[in-house]
2 protein chains.
Amino acid sequence: MAKRKREDDVTPLPVATMEDVARKAGVAISSVSRVLSGHPDVSARMAKKVEEATRALGYEPDILAQSMRSGETRTIGFIITDISNPLFAQVAQSCEQELRKMGYSMILMSSNGDEITESENFAVLRRRRVDGIIASLISEKSSAVKSSLQNLRSPLVLLDRQISGYEYGSVTANHISGTRDAVNHLINQGHREIAFVTGTPDVLTTRERLKGYKKAFAENGLSINENHIRLGNFTEEFAERQTYLLFSSPTVPTAILTGGVGATAGAIRALRSLNLAIGHDVAFVAIDEWPMFDVILPALSSVYRDAEMIGRESARLLLEIMRGAKPRKTVIETHFIIRESSTNKLRSKKKLN
Amino acid sequence: MAKRKREDDVTPLPVATMEDVARKAGVAISSVSRVLSGHPDVSARMAKKVEEATRALGYEPDILAQSMRSGETRTIGFIITDISNPLFAQVAQSCEQELRKMGYSMILMSSNGDEITESENFAVLRRRRVDGIIASLISEKSSAVKSSLQNLRSPLVLLDRQISGYEYGSVTANHISGTRDAVNHLINQGHREIAFVTGTPDVLTTRERLKGYKKAFAENGLSINENHIRLGNFTEEFAERQTYLLFSSPTVPTAILTGGVGATAGAIRALRSLNLAIGHDVAFVAIDEWPMFDVILPALSSVYRDAEMIGRESARLLLEIMRGAKPRKTVIETHFIIRESSTNKLRSKKKLN
DNA sequence: GATATTTCTAGAAACGATTCCAGAAATTCC
DNA sequence: GGAATTTCTGGAATCGTTTCTAGAAATATC
């Protein structure tokens, strides 16, 4: 009947099934399967017949049917808050590369900062029976996420997030040390009024960066001007607005630290509109790199983390857990890189408004 | 027997199947299916029973089994040359968003500039029975690609590529006009020696950009110095090397045009190492934007194309073809944006070496 | 109330693979 | 050569859906 089907099929390339191979080779379907899956109970004659038929028909096993039977889809879901963030894109890229090596494919879902979309993404992945999920959540506090994770049935690796009540592996950057080094550097350069603009404290990333920031002040016996800390969300708009406010107030900071590529872009934009030159009127350190930070003028000092390593490690960790290992936490180091934006001598304070 | 299975199952959340729902509701499996898929031949009483059982068990249909039956996987493959290119990341993002709206998921595969990986990607997608593919090929000339496409059985949309002997939809940017405008602008600023550094002519993108470049010279009755045209590949390394060579030769160009984000980054790097200031020692126009081109100093003039639109259109076009429409070609406009890097007056020619 | 018509439901086949089980064929041994 | 053992092969069940078919139940018609 597979044959009959084929006759009124109009697609250019009829797909050969295992049954076709079996018929062509004159053997049973089960024998074909055994040959192809390398089962030991196969005679040389049988192997030869089947392999010839397979080649002749250009047969390729249907992953869907295999998944149906085995319960494994060899598919991993990757949920990211925003793929247009180049750092995350790099993470996704190296993760995909690593997964491919192990015979897995990656379904990419970008939540674009929307929690409802994020929940839907988890639901879709669950229905697709993915073997595992790697995710970077928008917020750890959202109740939608909690229930998404509760209903999950596949192993999970979280990127830079901390959630209670659910077992997961995690890959986290050591944001504390990099940020502390950066702020220490600024303090050493004589800065005392250091603005810090970044996203929500509802994610580990922000809380750790904040710890690093405070640690540096504490180590130097300095007190913090809480008004200089602006936590909100990771959009350019938020950072632009806050930077604008900070630098058009009476007590203008002498340096600014931005957390995340969106915040960095927003802050640069605001400083530009205020006509404040980075490195000359205000020292600047960015947390998280853009690919061209080292060549733009002035070159931006930054806290760097290896996106490729993060992607690779998250893939490896997930597969480990899928094979039954106990979920563990991997920490990736961050490195403060000194460039021009924080080392030039500032020119005498500009008169604002 | 599904019941027996459940007993020695140790996963935390046993997955309810349609059979479980049917048993719980006391009806036949087919009736459950009919209720859930909105078939008209369903009594109110039946609907109620099934819906209650569904809710009680938290039942969700298995997409795998549905695919098996229907032949549709509701999955689209997206093959990209390099996802860490922010422009491509944006394309992928908006494409995924559009596909999700239509109930499709996206499998992302980055070829990372490697043709063998690219072929493997096509093979994997074929075996996964994706319903369609959107791809940006590394080269139109490679024989591996030709045979990959030949063996394809799903509809295809190509991004910025032109291939013969295979039917596909395409989304292409109008590179000619944007590039022509850019070069015209440079010529109007008095430039005659305009270097052009970009990738291989084995892709439509490069050939069209070259056409635009030549068109502008022709329109102004100027002849081209072929030595200023450097086509190779899209890596930063290539562009850096070529830019370095161009600007350390006796006949230094006064302006440079770069095609693609990699080329732009490489050229900036080279100019920096030669201590040539963009906008002051050399005019600069980039084709394809980085997200921060407008705020770095000097702001870079560029040829812009709407990545979101490209992603969205490619998704729509593919679905159209999947529904039986004849493949067509969509063209997205490009726009030349004048910024500082090409408008500042150049300072007197620097003495090199 | 018997027949014709309509509405609803259950059973079974199918999608394409894997794997268990039983039995056939080949080999060994006496 | 016949029995016991080993090696190999084919049939059938299974995964979780959808959909076809046939028949039961309900309603309408006379």
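The values are calculated or read from the model by the stated rules, or taken from the named source; none is laboratory data. Predicted model, so just to flag it, every value in this text is computed and none were measured. Reconstructed Cβ throughout: ideal geometry from the backbone, glycine too, with neighbour counts over all protein chains shown. Side chains are part of the model used for accessible areas, which takes the heavy atoms of the whole protein and leaves out ligands, DNA and RNA. Shrake-Rupley method; radii C 1.70, N 1.55, O 1.52, S 1.80 Å.
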Among the residues of the stretch B:128-137, is there at least one that is assigned to a loop (DSSP other than H, G, I, E, B), farther than 22 Å from B:R153 by Cα and in contact with a strand residue (DSSP E or B) (Cβ under 6 Å, 6 or more places away or on another chain)? no
Which residues, taken from the stretch A:88-111, are farther than 21 Å from A:W290 by Cβ, of a type in the set (S, T, Y) and facing chain B (nearest Cβ under 7 Å)? A:S105
For the stretch B:58-75, state whether one or more residues are away from DNA strand C (no atom under 16 Å from the Cβ), among the hydrophobic types (A, V, I, L, M, F, W, C) and out of contact with any Cys (no Cβ under 9 Å at 6 or more places or on another chain). no
Would you mind finding the one in A:E72, A:E98 that is more than 11 Å from the chain's Cα centre (by Cα), of a type in the set (D, E, K, R) and assigned to a loop (DSSP other than H, G, I, E, B)? A:E72
Of all residues in the stretch B:173-203, which are touching a strand residue (DSSP E or B) at 6+ places or on another chain (Cβ under 8 Å) and open to solvent by 20 Å² or more (accessible area, probe 1.4 Å)? B:N174, B:S177, B:D181, B:Q189, B:E193, B:T200, B:P201
Out of the residues in the stretch B:112-153 meeting the condition of being of a type in the set (K, R) and out of contact with any helix residue (DSSP H, G or I) (no Cβ under 6 Å at 6 or more places or on another chain), tell me which one is nearest to the other protein chains (Cβ to nearest Cβ). B:R153
So A:R209 ticks every box in (1) surrounded by fewer than 23 Cβ atoms within 10 Å (Cβ to Cβ); (2) assigned to a helix (DSSP H, G or I) but one. Which box is left unticked? (1)
Across the stretch B:20-39, which residue is surrounded by the most Cβ atoms within 10 Å (Cβ to Cβ) among those that are away from chain A (no Cβ under 14 Å) and within 42 Å of the chain's Cα centre (by Cα)? B:V32
Answer yes or no as to whether B:E72 is more than 10 Å from every other protein chain (Cβ to nearest Cβ) and either of a type in the set (G, A, S) or open to solvent by less than 10 Å² (accessible area, probe 1.4 Å) (or both). no
Which numbered condition in (1) open to solvent by less than 50 Å² (accessible area, probe 1.4 Å); (2) in a helix (DSSP H, G or I); (3) more than 7 Å from chain B (Cβ to nearest Cβ) is the only one that A:I79 fails? (2)
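Does at least one position in the stretch B:159-169 carry a residue that is in a helix (DSSP H, G or I), touching a residue at least 24 places away in the same chain (Cβ under 8 Å), away from chain A (no Cβ under 14 Å) and surrounded by 21 or more Cβ atoms within 10 Å (Cβ to Cβ)?
No, the stretch B:159-169 contains no residue that is in a helix (DSSP H, G or I), touching a residue at least 24 places away in the same chain (Cβ under 8 Å), away from chain A (no Cβ under 14 Å) and surrounded by 21 or more Cβ atoms within 10 Å (Cβ to Cβ).
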Can you pull out the residues in the stretch A:29-49 that are more than 9 Å from DNA strand D (Cβ to nearest atom) and closer than 30 Å to A:R129 by Cβ? A:L36, A:S37, A:G38
Residue hits (the stretch A:39-61; touching a helix residue (DSSP H, G or I) at 6+ places or on another chain (Cβ under 6 Å) and among the charged types (D, E, K, R)) are A:K49, A:E60
